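Asker: This structure is in structure tokens; I'll ask about it shortly.
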Amino acid sequence: MKGKGSKELSYGDAAARLEEILRRIEEGKVDIDELSGLVGEAAGLVTLCRDKIQAAEVQVKTITEQLERDEDAAKDEETA
């Protein structure tokens, strides 16, 4: 799905598309000729979602660490 701009999809849009692909496959609404394309698209979407989750984890960790440093600095100033 790279050609369709999957890198620009939001996490929610990618997850929704994954659910749609899974539903179609489970319902047997996928022609065998279409199956490999959908599986490839799904793999790309899973990678995209995983990357977004990892990026969010890094951001949360960075923010949390900064808040802890700020809190420690404020405590140090109070005791000085």
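A short reminder: the numbers here are calculations on the coordinates, not readings from a lab. No experiment lies behind these values; they were computed from the predicted model shown. Virtual Cβ from ideal backbone geometry, glycine too; neighbours counted across all protein chains shown.
Asker: Sort ILE25, ILE53, ILE32 by Cβ crowding within 10 Å, fewest neighbours at the top.
Answerer: Taking fewest neighbouring Cβ atoms as first place, the list is ILE32, ILE53, ILE25.
Asker: Regarding the chain, what whole-number volume in Å³ per residue does the convex hull of its Cα atoms give?
Answerer: 89 Å³
Asker: Assign unit charges at the C-beta atoms only (+1 for Lys and Arg, -1 for Asp and Glu), then state the dipole size of the chain relative to its Cα centre in Debye, rounded to the nearest 20.
Answerer: I would put it at about 540 debye.
Asker: Under 5 Å between amide H atoms, partner at least 5 residues away or on a different chain: which partners does LEU9 have, H built in plane at 1.01 Å?
Answerer: Counting only residues 5 or more places away or on other chains, the set is empty.
Asker: Using only Cα atoms, tell me the angle between helix 32-79 and the longest principal axis of the chain; keep it within 0 to 90° and round to the nearest 10.
Answerer: It works out to around 10 degrees.
Asker: Given a 10 angstrom Cα cut-off, can you work out which residue in ARG17, ARG50, ARG69 is the most mobile in a GNM of the chain?
Answerer: ARG69
Asker: To continue, here is another question. Please name which of THR62, LEU9, ALA43 has its Cα lying farthest along the dipole of segment 2-79 towards the positive end, using unit charges on Cβ (Lys, Arg +1; Asp, Glu -1) and the Cα centre as origin.
Answerer: My answer, from the dipole projection, is ALA43.
Asker: Continuing with this model, one more query. Counting helices only, and only those DSSP H runs with n ≥ 4, report the 222 nm mean residue ellipticity of the chain as the sum of -39,500 (n - 2.57) divided by its residues, in deg cm²/dmol to the nearest 500.
Answerer: Calculated from helices alone, the mean residue ellipticity at 222 nm is -29000 deg cm²/dmol.
Asker: Using R₀ = 41 Å, calculate the FRET efficiency as 1/(1 + (r/R₀)^6) where r is the Cβ-Cβ separation of GLN66 and VAL39; round to 0.05.
Answerer: That pair, GLN66 with VAL39, gives E of 0.50.
Asker: When you take every Cα atom in segment 27-71, what is the radius of gyration, and what is Dmax, the widest Cα pair distance, in Å?
Answerer: When restricted to the Cα atoms of segment 27-71, Rg and Dmax are 18.8, 58 Å.
Asker: Let me ask something additional. Return a whole-number percent for the relative contact order of segment 2-79, with Cα pairs under 8 Å and 6 or more residues apart as the contact set.
Answerer: 38 percent
Asker: Grab the Cα-Cα distance for GLU77 and GLU19, subtract it from 0.36 nm times how many residues apart they are, and report the gain in nm with one decimal.
Answerer: 15.7 nm
Asker: Near THR62, within a Cβ-to-Cβ distance under 13 Å, what is the net charge of the other residues, with Lys and Arg +1 and Asp and Glu -1?
Answerer: -2
Asker: Mind checking segment 27-57 for GluC sites (Glu not before Pro) that DSSP puts in a loop (not H, G, I, E or B) and that have at most 13 other Cβ atoms within 10 Å?
Answerer: The qualifying sites are GLU27.
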